[in-house]
Amino acid sequence: MNNIQSMVRNFSAKWLVFTDLDGTLLDRRYDLEAAATAMDSLHDLGCICVPASSKTYDEMVALNKFRKFPSPCIFENGAGLFWPSSAEPESLGRCANEIHDLLDHIRDEHGFSFRTFRDIGCDELCEITGLDHSGAGAAKARTGSMPLLWEDSEQAQDTFHGILGFIGLQIVRGGLFHTVLDKSCSKAVGMKRIVEHFQRGEHRPALVACGDAENDLNMLHCADFALIFPGSDGQYLSLDHKFSHRAKASGHEAWIEALHQILVLEEHKAETSMPKTEIQSFE
């Protein structure tokens, strides 16, 4: 067992905080070092912070290099898991090569107009996303999903979605790109795997989930506490959750502020006669 694996296993976590990155912990400044510092700052409160993002394995490795307390990560919307103790990612569904081949076949057979990340060169991806060449290369290094730029009609898109569902794939809508991955994958599935890792007998840490978009909903529903961030349009997700909270804005400062409100309140309840929030059964 290496030092990182030993540290993670021996740390007695009170909380597991699962957080989306873009639009949640990260704002337009895209400051990975500040995001890593924000996650590490909660360590003394008994928290392990787990990024759960559409980002790739390579992008998660880059983020964890800034962290003093590396953690598992959920990448590509739940297509796989990064474990600090392992040199290889854990796949939770079909691989990117298989998905790309299926998309190629569907496009050829039905004449849909779209381009995947493998059809888009690094220079163009930099222009579209604002990433530098290194960041674009990491974003293109897919292991279990395939983003695409839809260039066809809404009607054709409905047909496309139906075909994907029939062959066991799903599409996650984004602001610009849509991502195709195995139907069995989600952030909530990855979350369950990580919760099992940290469970000690009947006891498990309390779960907080942070997100701003539809691909975060299943993760938010599974958590004991749901922290919702405003979307790019300033609107909040509609979520039926007993213990949901709203952050003022995206970015590491607002993220820290909102999480402290939840964690400090619950610690105060534990130290006084106030009834502590009942932790739900994780399914």
Margin query: Tell me yes or no: at least one residue of segment 223-239 is in contact with a Pro (Cβ under 8 Å, 6 or more places away or on another chain) and assigned by TED's automatic domain parsing to the domain that holds L25.
Written below: yes
Next item on the list: Report, by residue number, each residue of segment 135-152 that is surrounded by fewer than 12 Cβ atoms within 10 Å (Cβ to Cβ) and farther than 14 Å from F177 by Cβ.
Entry: none
Notebook entry, point to check: Out of segment 13-36, which residues are in a loop (DSSP other than H, G, I, E, B) and either modelled with pLDDT of 90 or more or under 26 Å from E196 (Cβ atoms) (or both)?
Noted result: A13, K14, D20, L21, G23, T24, L25, D27, D31
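To keep it simple, each residue is scored yes or no on (1) touching a His at 6+ places or on another chain (Cβ under 8 Å); (2) touching a residue at least 60 places away in the same chain (Cβ under 8 Å); (3) under 24 Å from S184 (Cβ atoms).
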position	(1), (2), (3)
A96	no, no, yes
R107	no, no, yes
D132	no, no, no
A138	no, yes, no
G144	no, yes, yes
L148	yes, no, yes
Check: Does S232 satisfy the condition of being at pLDDT below 95 and either surrounded by fewer than 16 Cβ atoms within 10 Å (Cβ to Cβ) or out of contact with any strand residue (DSSP E or B) (no Cβ under 7 Å at 6 or more places or on another chain) (or both)?
Finding: yes
Note to self: For the structure I just gave you, tell me whether M39 is under 19 Å from G251 (Cα atoms) and touching a Lys or Arg at 6+ places or on another chain (Cβ under 8 Å).
What the structure shows: yes
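The values are calculated or read from the model by the stated rules, or taken from the named source; none is laboratory data. Every value quoted in this text rests on a predicted model; they were computed, and no experiment measured them. Glycine gets a Cβ as well: all are built from the backbone with ideal geometry, and neighbour counts include every protein chain shown.
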